[in-house]
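Report on the following structure.
The values are calculated or read from the model by the stated rules, or taken from the named source; none is laboratory data. Computed from a predicted model, the values in this text were never measured in an experiment. When we count neighbours, we look across all protein chains shown, and the Cβ atoms used for this are built from the backbone with ideal geometry, even at glycine. Please note that ligands, DNA and RNA were not included when accessible areas were found on the heavy atoms of the full protein model with its side chains. Shrake-Rupley method; radii C 1.70, N 1.55, O 1.52, S 1.80 Å.
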Amino acid sequence: MSTPANFSHLFTGAPAPAATELPKAKAYRILLVDDEPNVLSALRRVFRQENYEVVTCQAPQEALERLGREKFQLIISDYMMPGMNGGELLKQARANFPDMIRIMLTGHADVNAVVGAVKTGAVYKFILKPWNDDDLRVTVALALEQHSLLEKNKALQKENLEKSREVAQLAKISVSNRSQLAFTLNKHGVLGAQQLEELLNLQQQSKEPAIRLLVERNWVSEKTISDFLAREMKLQQVALAEYVVDPAVAALVPAVLCHKQLVLPLSISDKHLLMAMADPLDAGLIEDLRFISGLEIVPVPASIHAITDKISEVYKLGDSDLSDLEVAFGVSDPYEGIQIVIDEDDDLSLTELLRETEEPPAIRLVNSILLEAIRLGASDIHIQPRAKNVIIRLRIDGVLTDKMFIPHNMHQSIVSRIKIMAELDISERRRPQDGRLTVKTPKRIVDLRVSALPTINGEKIVMRILDRNSSVLSMDGLGFSAASLERIQYASEKPQGIILATGPTGSGKTTTLYSLLQSNASVEKNYLTIEDPVEYYLDSAGQVLVKEKIGLTFPLILRAILRQDPDVLLIGEIRDFETAEVAFHAALTGHQVFSTLHTNSAIATVSRLFDLGLKPFVIATALEAIVAQRLVRKICEVCREPVTPDSAALRRLGVRFQHGLKHCFKGRGCQACYHTGYKGRIGLYEVLSPDDHMRHLIAGEAAVTEVAQYANAKGFTTLRDDAFDKVQAGLTTPEEVLRVLGPE
C-alpha cells in the first residue's frame with residue numbers, strides 16, 4: 001500500500017516526498033465586445049485579478065466569427081455599435097450558443113431599446129455605463145456560478161435519462177400480486193373464476209397491474225370498476241383536472257414508476273401523501289409507495305386515462321429546456337401567495353392564445369382571460385354563471401362589457417383553477433371566500449383580489465386587478481378645477497387634521513389620496529399606510545397590508561402604527577367606529593391623516609360620521625377637508641367631434657344643463673378607443689373645507705340642510721357643477737354624466 005510510504009517521513013525524519021500537483025481549475029472564458037478601445041481596456045482591468053481568460057473584439061461581426069471558432073462561457077456586449085447593435089449580436093449568440101450567458105453593457109438610456117435588448121438576448125443582466133467595478137465583478141461571478149450549476153444540471157438530466165431504462169425495469173419487478181381488486185370483483189360476481197385465473201397468469205408474465213389487464217381485455221370496464229368502488233368500498237373518484245401538483249410532491253415518486261403503476265402523488269398534509277391510484281386496493285403497491293416516499297399513503301381512485309394525462313402534464317419527461325437561465329433558476333416565494341407566471345405576447349390574439357397552448361383547458365382559459373383583461377386595461381373581471389352558459393365580463397373605464405361566453409360544463413373547473421391559484425378551499429362552494437394572488441408577465445406584475453360568491457347558478461367570481469407598475473398621478477392630472485385644487489392643497493399643507501375622500505367603490509378615492517400624499521412628500525417626514533389591498537407601491541412609505549384572517553385588522557394596526565412616530569397616516573378605509581375614533585384622535589394629536597369613506601356627497605359625510613358615533617366636537621375640530629368624487633369616461637381625443645346635445649339627456653340632468661349647455665362633443669369611435677368613443681377616465685370633484693362658522697354648525701349637530709345652505713352661500717361647487725364644466729370643455733359627454741350621477 002502506498003499510503004504509509006506517503007507519511008513515513010513524519011516518523012523516520014527522511015525528506016518529504018515531492019508534493020503531487022493538483023490539476024488546475026479550468027479558467028472561464030469571457031468575450032468582451034465594444035467598439036471603443038478605452039472601454040475594452042477598462043473592462044480588462046476589472047477582471048485582471050480574476051481567474052478568467054478574457055478575449056476582446058471591437059466589432060459584432062468579428063465577435064460572431066470568434067464564437068464560431070472558440071467556446072466561451074460568457075459574453076459582455078455594448079449596445080450602441082456601428083453595423084449591428086448589441087441586441088442583434090446577442091440575439092444571434094443566443095440562437096447559436098444557448099448555453100452561453102449574455103450580459104448587455106450600455107450607456108444608451110432608451111427604455112424601449114433596453115426592453116428590446118433584454119427580450120432578444122441579454123437574459124441575465126443589463127448594466128448601465130458607467131459601471132461600478134465591484135458590482136460588475138460580482139455580477140459576472142454569480143453568472144458564471146449559475147452557468148456551472150446549469151452545466152451540472154444538464155449532466156444530471158442526461159444521467160437521469162440514461163438511467164430511466166433501469167427504473168423502468170425496476171418498475172416491472174416491483175409490480176406485486178397483492179392487489180385485492182380482482183379477487184373482490186370475483187367475489188361479487190363481476191369477474192368470472194376462469195378470467196381470474198387467466199388474469200393471475202398474465203400478471204406473472206407481463207408484470208402489468210391487474211386493472212390495466214382487466215380494462216385492455218374488456219373483461220371489466222373502468223366505469224364498472226369505478227361504480228363498484230363507490231358502491232361497495234365507499235371510494236369516490238378524484239377529479240385530477242382540478243389539481244395543480246407541486247413539483248416537489250411529484251418528485252417523491254419517479255415518473256416512470258407512476259406511468260407503469262398508474263399512480264400519481266397529489267399533495268402532502270400532516271405526513272400523509274394523497275395518492276391517486278387506478279387500483280386503490282393494491283396493498284403491495286401502497287406498501288412500496290410508503291417505502292419510496294417515507295410518508296403514509298392515502299389512496300384515492302382515479303381513471304387510467306385521467307392519471308396518464310395528468311402524469312404527462314406534471315412530469316413532462318424530456319421536455320424541460322434548461323438552455324435559459326430564466327427557466328433554470330426561476331423561483332417564487334410560497335409564503336406571500338401563489339405567483340402565477342404567464343407568458344405574454346402582444347402579437348397573439350385571444351383566439352390564438354386559446355388554440356396554440358397545450359395546457360389543460362381550465363388553465364389555458366384562465367390564463368387567456370387574465371391576459372385579455374390586462375391587455376385591455378380592465379379594473380375587474382367578472383365570471384358569472386347563467387342558466388345556459390357562463391359569461392366573462394370586463395370592467396373597462398368603469399363600464400362592464402361582455403367579452404366571452406363559455407359552456408356551463410367548464411364553469412366548475414375554471415372556478416377550481418382560480419381558487420387553487422388564490423389558495424382558497426375548492427371543496428367549499430356554499431360560503432363566500434376571499435383571496436389574492438399575483439400574476440407575472442414579462443412586462444408587468446399584477447395583483448388580483450379574488451372574491452367567490454355562491455349564486456343559484458353556481459359560484460360567481462370577481463377579480464379586482466391592481467397593477468403594481470401603475471404610477472401615482474400628479475394632482476394637476478386628476479381633473480380638479482383651479483378653485484378646488486387650491487382648497488385641497490391648502491388643507492394638505494396643515495401638519496395635522498384629517499382629509500377624507502368619499503364616493504362609491506371604484507371612484508378613485510385611493511388614487512386621489514396617494515396623489516395628495518406624494519404632492520407634499522418630504523424626506524423629513526415618516527409616512528405610513530394601512531390598506532386592504534395595497535393599490536400603489538411607494539418606497540418612501542411604510543405600507544402595511546391588512547390580513548383579517550390572522551387578526552391583523554385596521555384598528556389593531558392603527559394603534560400599533562401610532563407608536564411608530566408617524567407624521568402622515570394613510571388609512572385605506574374608515575369602516576367602523578373603532579377605526580374612526582382612532583383616526584380622528586390621531587388627527588387631533590398632531591398627525592396628518594388621509595382616509596376614505598363611502599358616502600354620496602361631501603356634506604352627507606358629516607351625517608355619516610355622526611352615525612358612526614363620533615362626538616360632534618371631535619369631527620368639527622379634526623376635519624380639514626372632504627373630497628367627494630366620481631369617475632367619468634373621457635372622450636377619445638383621436639375621434640372627438642362636435643355634436644348637438646341630446647335635449648332629453650339635458651332635461652334629465654337639470655336646469656343648468658338644459659339652459660346653459662349650447663355645445664358638446666362626442667367620440668365617433670375608432671381603433672384607438674376600441675370603437676367605444678371613450679378612452680381613459682377623469683374625475684368629478686366637490687371639495688368641502690370647513691371654516692370657523694361651519695365648524696360651529698358641526699359641533700352644534702346642525703341639520704345637514706343647514707350645513708348645505710351655508711356651504712352653497714359660500715360658493716360651494718357640487719359634483720354636478722363640476723360635471724357641467726367638463727362637458728362644456730369637451731372632456732366628457734352628457735350621457736356619461738347621466739350614467740354616473742343620474743338625473744337631478
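Just checking, which of 270, 279, 246, 227 is under 28 Å from residue 410 (Cβ atoms), within 40 Å of the chain's Cα centre (by Cα), of a type in the set (D, E, K, R) and modelled with pLDDT of 80 or more? Exactly one residue qualifies, and that residue is 246. Here the stretch 46-67 is the region considered, the condition is being touching a helix residue (DSSP H, G or I) at 6+ places or on another chain (Cβ under 8 Å) and not in a strand (DSSP E or B), and the residue that is surrounded by the most Cβ atoms within 10 Å (Cβ to Cβ) is 63. Restricting attention to the stretch 220-258, the residues that are assigned to a loop (DSSP other than H, G, I, E, B) and among the aliphatic types (A, V, I, L, M) add up to 10. If you take just the helices (runs of 4 or more DSSP H) that sit entirely in the stretch 679-728, which of them hold at least 1 residues that are among the basic types (Lys, Arg) and closer than 30 Å to residue 642 by Cβ? Passing ranges, in order: 719-728. Within the stretch 398-411, at least one residue is of a type in the set (A, V, I, L, M), in a strand (DSSP E or B), in contact (Cβ under 8 Å) with a residue 60 or more places away in the chain and in contact with a helix residue (DSSP H, G or I) (Cβ under 9 Å, 6 or more places away or on another chain). Check the stretch 725-736 and report whether any residue there is open to solvent by less than 30 Å² (accessible area, probe 1.4 Å) and without any contact (Cβ under 8 Å) to a residue 40 or more places away in the chain. There is no residue in the stretch 725-736 that is open to solvent by less than 30 Å² (accessible area, probe 1.4 Å) and without any contact (Cβ under 8 Å) to a residue 40 or more places away in the chain. Inspection of the stretch 499-512 finds no residue satisfying the criterion of being among the basic types (Lys, Arg), in a strand (DSSP E or B) and touching a strand residue (DSSP E or B) at 6+ places or on another chain (Cβ under 8 Å).
Among residues that are open to solvent by less than 60 Å² (accessible area, probe 1.4 Å), touching a Leu at 6+ places or on another chain (Cβ under 8 Å), closer than 21 Å to residue 308 by Cα and hydrophobic (A, V, I, L, M, F, W, C), residue 199 is not included. In the stretch 597-624, how many are assigned to a strand (DSSP E or B) and either on the phi > 0 side of the Ramachandran plot or surrounded by fewer than 24 Cβ atoms within 10 Å (Cβ to Cβ) (or both)? Selection size over the stretch 597-624: 2. All of 633, 651 fail the test of being in a helix (DSSP H, G or I) and either over 23 Å from residue 504 (Cα atoms) or touching a residue at least 24 places away in the same chain (Cβ under 8 Å) (or both), apart from 651. Residues of the stretch 372-392 that are of a type in the set (A, V, I, L, M, F, W, C) and more than 13 Å from residue 463 (Cβ to Cβ): 376, 387, 390, 391.
Here 638, 740 are screened, and the one residue that is crowded, with 16+ Cβ neighbours inside 10 Å and either closer than 30 Å to residue 616 by Cα or within 35 Å of the chain's Cα centre (by Cα) (or both) is 740. The residue pairs whose first member lies in the stretch 414-432 and is in contact (Cβ under 8 Å) with a residue 24 or more places away in the chain and hydrophobic (A, V, I, L, M, F, W, C), whose second member is part of a loop (DSSP other than H, G, I, E, B) and surrounded by fewer than 20 Cβ atoms within 10 Å (Cβ to Cβ), and whose beta carbons are closer than 6 Å, counting only pairs six or more residues apart or on different chains, are 420/244; 421/338. The number of residues in the stretch 266-303 being acidic (Asp, Glu), open to solvent by 40 Å² or more (accessible area, probe 1.4 Å) and in contact with a strand residue (DSSP E or B) (Cβ under 6 Å, 6 or more places away or on another chain) comes to 1. When the stretch 682-734 is filtered for residues that are charged (D, E, K, R) and under 45 Å from the mean Cα position of the chain (by Cα), the ones remaining, listed by number, are 686, 720, 721, 722, 725, 726. Of everything listed in (1) under 20 Å from residue 744 (Cα atoms); (2) part of a helix (DSSP H, G or I); (3) open to solvent by less than 50 Å² (accessible area, probe 1.4 Å), the single unmet condition for residue 583 is (1).
Taken over the stretch 674-693, the criterion of being within 12 Å of residue 397 (Cα to Cα) and aliphatic (A, V, I, L, M) is satisfied by 682 alone. Candidates in the stretch 568-578 are the residues that are within 17 Å of residue 502 (Cβ to Cβ) and under 30 Å from the mean Cα position of the chain (by Cα); of these, the one that is most open to solvent (accessible area, probe 1.4 Å) is 575. Which of the numbered conditions does residue 675 fail, given that it passes all the others? Conditions: (1) on the phi > 0 side of the Ramachandran plot; (2) open to solvent by less than 50 Å² (accessible area, probe 1.4 Å). It is condition (2) that residue 675 fails.
The single condition among (1) out of contact with any Lys or Arg (no Cβ under 7 Å at 6 or more places or on another chain); (2) farther than 24 Å from residue 527 by Cα; (3) open to solvent by less than 40 Å² (accessible area, probe 1.4 Å) that residue 627 does not satisfy is (2). Considered as a group, the residues in the stretch 701-711 that are at pLDDT below 90 and open to solvent by 50 Å² or more (accessible area, probe 1.4 Å) include one that is nearest to residue 614 (Cα to Cα), and that residue is 701. Scoring residue 165 on the criteria (1) loosely packed, with under 12 Cβ neighbours inside 10 Å; (2) in a helix (DSSP H, G or I); (3) at pLDDT 65 or above leaves a single failure, condition (3). Taken residue by residue, the stretch 287-310 has no member that is within 26 Å of residue 146 (Cβ to Cβ), modelled with pLDDT under 80 and either of a type outside the set (Asp, Glu) or not in a strand (DSSP E or B) (or both).
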